[in-house]
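Q: Got a structure for you, questions after.
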Amino acid sequence: MGTKPKGLTDWAYETIKELILTLKVAPGTQLQIEMLAEQMGVSRTPVREALLRLEQDGLTQIVPRVGVFVTGISKRDLEELYELRELLESRATEEASQRLTDDDLDHIDRLLEESKTAVKQGEVEKFLETEIAFHQILTEGARNRRLISIMDSLRDLSYRWRIISLKSQENVRLTLIEHQGIAQALRQRDGPKAGKLMGDHIRSARERMIEEIDLGDETEVNSGTGT
């Protein structure tokens, strides 16, 4: 799990968060504080504090007198998260079109090239990294601190869906095409078009996941007292 830093709570938080976001710990799993503490070689206190922070992030759920669970993911989660992303990122992209510098646009072009190379070489993690960076530069380009803060929280909540979406090669292929269209509109400084294309892209990605990925039974945390 890496070298432990001085800030044990921060380290425990980042370690457990990575396990959740990368689906190494499945949605709905009950997290045992004692077991995590033993595995990480720390006391229960930093683990307990880390789990509290993760609950604030929406990644864990603490059920009184039952335990701590990784939050479930469901079709409803997908629809709600991507609806928010569609609304916010389309607006951010439109605003960013007038604020991005030529250097920013060059950076976007490099990200797209790195994405294409990653796909050709089968480097899934690299593709995911560039895909997230593409969206992030446009969000930050809007220069709206509150919007950036909201999108930061949605990024973590969306991460597990992004991991799942990589199972579909068609989704990856279409994502590249859609990103290129957005980048072209940005080069033209056509804010309305760039914003519309971003909204279309996120909506299409959501629909592709709904259609192509068999969610089976929706994974939810069920304590026996409701969710």
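The values are calculated or read from the model by the stated rules, or taken from the named source; none is laboratory data. It should be emphasised that the depicted structure is a prediction, and the values quoted were computed from it without experimental measurement. Using ideal geometry, Cβ is built from the backbone for each residue, glycine included, and neighbour counts are taken over all protein chains shown.
Q: Among residues belonging to the range 66-81 that are in contact (Cβ under 8 Å) with a residue 60 or more places away in the chain and part of a strand (DSSP E or B), point out the one that is nearest to Ile20 (Cα to Cα).
A: Val70
Q: Report yes if some residue within the range 4-17 is basic (Lys, Arg) and closer than 24 Å to Glu129 by Cβ; otherwise report no.
A: Yes, because at least one residue in the range 4-17 is basic (Lys, Arg) and closer than 24 Å to Glu129 by Cβ.
Q: If only one of Tyr82, Tyr159 is crowded, with 20+ Cβ neighbours inside 10 Å and aromatic (Phe, Trp, Tyr), which one is it?
A: So the residue among Tyr82, Tyr159 that is crowded, with 20+ Cβ neighbours inside 10 Å and aromatic (Phe, Trp, Tyr) is Tyr82.
Q: Another question, if that's okay. Is there a residue being surrounded by fewer than 18 Cβ atoms within 10 Å (Cβ to Cβ), free of Cβ contacts under 8 Å to residues at least 40 places away in the same chain, among the β-branched types (Val, Ile, Thr) and farther than 13 Å from Leu157 by Cα anywhere in the range 18-37?
A: yes
Every residue, every condition in (1) outside the structural domain of Val25 (by TED's automatic domain parsing); (2) surrounded by 19 or more Cβ atoms within 10 Å (Cβ to Cβ); (3) at pLDDT 95 or above, yes or no:
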| site | (1), (2), (3) |
| --- | --- |
| Glu95 | yes, yes, yes |
| Asp103 | yes, no, yes |
| Phe127 | yes, yes, yes |
| Ile163 | yes, no, no |
| Glu178 | yes, no, yes |
| Gly191 | yes, no, yes |
| Ala194 | yes, yes, yes |
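Q: Can you tell me which residue is nearest to Ala205 (Cα to Cα) among those in the range 165-186 that are hydrophobic (A, V, I, L, M, F, W, C) and touching a residue at least 60 places away in the same chain (Cβ under 8 Å)?
A: Per the stated criteria, the residue is Leu176.
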